[in-house]
1. Say we look at region B:123-148 and pick out the residues that are facing chain A (nearest Cβ under 9 Å) and of a type in the set (A, V, I, L, M, F, W, C); which of these is nearest to B:L193 (Cα to Cα)?
2. Any idea which residue in region B:79-94 is least open to solvent (accessible area, probe 1.4 Å), counting only those that are free of Cβ contacts under 8 Å to residues at least 24 places away in the same chain and under 12 Å from B:M132 (Cβ atoms)?
3. Of a type in the set (G, A, S), away from every other protein chain (no Cβ under 14 Å), outside any helix (DSSP H, G or I) and open to solvent by 20 Å² or more (accessible area, probe 1.4 Å), is that true of B:A120?
4. Can you give me the number of residues within region A:32-46 that are of a type in the set (D, E) and modelled with pLDDT of 95 or more?
5. Could you count how many residues in region A:217-231 are facing chain B (nearest Cβ under 7 Å) and open to solvent by 40 Å² or more (accessible area, probe 1.4 Å)?
6. Please enumerate the residues belonging to region A:35-61 that are outside any loop (DSSP other than H, G, I, E, B), aliphatic (A, V, I, L, M) and either farther than 22 Å from A:A124 by Cα or near DNA strand C (Cβ under 10 Å from one of its atoms) (or both).
7. Could you look through region B:62-78, keep only residues that are assigned to a loop (DSSP other than H, G, I, E, B) and without any contact (Cβ under 8 Å) to a residue 40 or more places away in the chain, and pick out the one that is nearest to B:V23 (Cα to Cα)?
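The values are calculated or read from the model by the stated rules, or taken from the named source; none is laboratory data. None of these values were measured; they are calculated from a predicted model. Here Cβ is always computed from backbone atoms with ideal geometry, including for glycine, and neighbour counts include all displayed protein chains. For the accessible areas, the whole protein counts, side chains as well, though only heavy atoms, and no ligand, DNA or RNA atoms are used. Shrake-Rupley method; radii C 1.70, N 1.55, O 1.52, S 1.80 Å.
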Number of protein chains: 2
Amino acid sequence: MVEITRQADTVRQARTPLSRERVLDAAVALADEGGVDALSMRRIAQELGVVPMALYKHVANKNELLDGMIDALVGEIDPPAGDAGWKTVVRLRVLSARRMLLRHPWASRVIEVRMRERAAPTPAVMAYLDSMIGIFRAGGFSVGLVHHAMHVMGSRLLGFSQELFDDSSDREPDPDALPPQEMAARFPHITELAMAVAHDEESVVGSGCDDQFEFEFALDLTLDGLERLLP
Amino acid sequence: MVEITRQADTVRQARTPLSRERVLDAAVALADEGGVDALSMRRIAQELGVVPMALYKHVANKNELLDGMIDALVGEIDPPAGDAGWKTVVRLRVLSARRMLLRHPWASRVIEVRMRERAAPTPAVMAYLDSMIGIFRAGGFSVGLVHHAMHVMGSRLLGFSQELFDDSSDREPDPDALPPQEMAARFPHITELAMAVAHDEESVVGSGCDDQFEFEFALDLTLDGLERLLP
DNA sequence: CTTGACAGGTGTACAGCGTCCACCTACTTT
DNA sequence: AAAGTAGGTGGACGCTGTACACCTGTCAAG
């Protein structure tokens with residue numbers, strides 16, 4: 001009896017070595033059932049039968065944990081499906097993203113908030129956007145047109161937030177950003193787009209992307225679409 | 001000297017009687033300069049030279065304070081301009097909303113977050129939406145079409161968040177909601193729309209508004225718009 | 001076979017948060 | 001004069017994220 005207990009004690013900390021993945025999973029589960037407000041380091045730790053500070057051996061801090069959760073969720077979005085034409089492929093992908101967001105209602109809020117205060121989107125989001133851009137390119141869109149398209153789609157692409165790339169602001173450069181050539185290798189379409197935008201507006205001060213123009217572009221496209229619905 | 005000082009002391013708490021408006025103004029100012037994370041009850045109080053709990057005599061709690069701030073900001077949006085046709089009027093109004101949001105970069109996040117967890121938007125937001133619906137109606141849109149239009153415009157109307165009315169969820173009814181007839185008087189267009197939607201989907205379980213359909217409607221309208229841009 | 005590094009879990013502590021509660025004080029109303 | 005009330009005060013509680021020092025088990029090198 002005593003032996004069993006002791007073994008159980010030993011086991012509790014030995015059997016489940018508490019990996020980063022286990023922390024992330026517990027966090028997602030907790031958020032799923034109690035909303036993002038129920039998500040505290042202490043609660044996650046408690047759920048894992050561990051002391052709060054133990055989490056910090058696998059996760060730098062809470063923000064980094066949120067980033068990890070986002071990455072996990074974005075990974076749930078279906079990859080582009082076959083060769084059905086850009087319109088169908090984009091449509092299916094966006095609907096898949098939406099399903100993911102409906103499964104995790106707290107997610108869009110977290111993504112949005114983290115997006116706003118981070119230098120760059122998380123890697124999985126980057127990959128998602130890159131592949132989305134790739135679909136448009138393959139569908140015959142020019143680089144410039146894809147740029148507009150991404151702005152127009154903004155709020156639909158992940159179900160919210162049209163300003164995924166808020167490069168206009170004066171954020172300090174991300175210290176652990178990817179070196180350019182690796183960036184280009186992993187996210188070729190994003191890179192192509194970014195370079196084109198940066199280049200053809202060289203003279204413009206600041207962002208290299210006229211947010212105001214893009215906003216009005218999207219707005220007018222929407223209004224035109226609505227106008228066509230009038231009898 | 002002593003007298004002056006004593007007078008100053010007296011004055012500090014007597015001259016500026018710390019109204020709700022002063023609290024709201026201080027809060028907005030603080031958020032404007034330090035972002036929404038710098039906004040704590042204690043900081044606001046400090047800024048006003050007062051003890052934190054003093055604020056609670058003018059504001060129920062922090063959420064209610066955030067609501068008040070939102071209302072103040074939405075009030076900054078230009079009223080509908082003249083009789084230039086629905087398209088122009090909507091366009092100008094949305095651009096005015098955008099300018100407000102650019103003046104207060106933290107605002108969209110606050111509005112969105114508060115929207116998600118509140119039973120109803122704040123009065124000023126209601127008024128804004130009501131008048132926006134009115135513009136569409138006056139422009140010849142049917143009630144049903146306005147409904148679609150509001151969903152399509154969603155992310156542009158206030159610069160974000162297409163799900164302003166997330167009535168699908170199972171929120172407890174707002175205790176201090178307006179009585180129906182007052183609601184109808186103050187927000188006639190919202191009421192008209194809400195009743196029409198509730199009525200013609202009587203048989204459907206739940207929300208009275210098929211969010212999935214609306215999402216796809218908006219998505220397809222956007223994709224069609226993009227398609228027309230292809231050479 | 002020992003030793004030392006190191007990965008990983010523990011315990012304590014701190015500053016900051018929102019807000020409940022009891023209190024005091026000045027002013028208004030009867 | 002008495003009673004009520006609006007509004008500022010002070011203290012406390014429970015919660016948060018996380019810095020820091022510590023301990024322990026595992027494993028590699030001498």
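1. Among residues in region B:123-148 that are facing chain A (nearest Cβ under 9 Å) and of a type in the set (A, V, I, L, M, F, W, C), the one nearest to B:L193 (Cα to Cα) is B:L145.
2. Only one residue tops the list, namely B:R91.
3. yes
4. The total comes to 1.
5. Count: 4.
6. A:A38, A:M41, A:I44, A:A45, A:M53, A:A54, A:L55
7. B:E76
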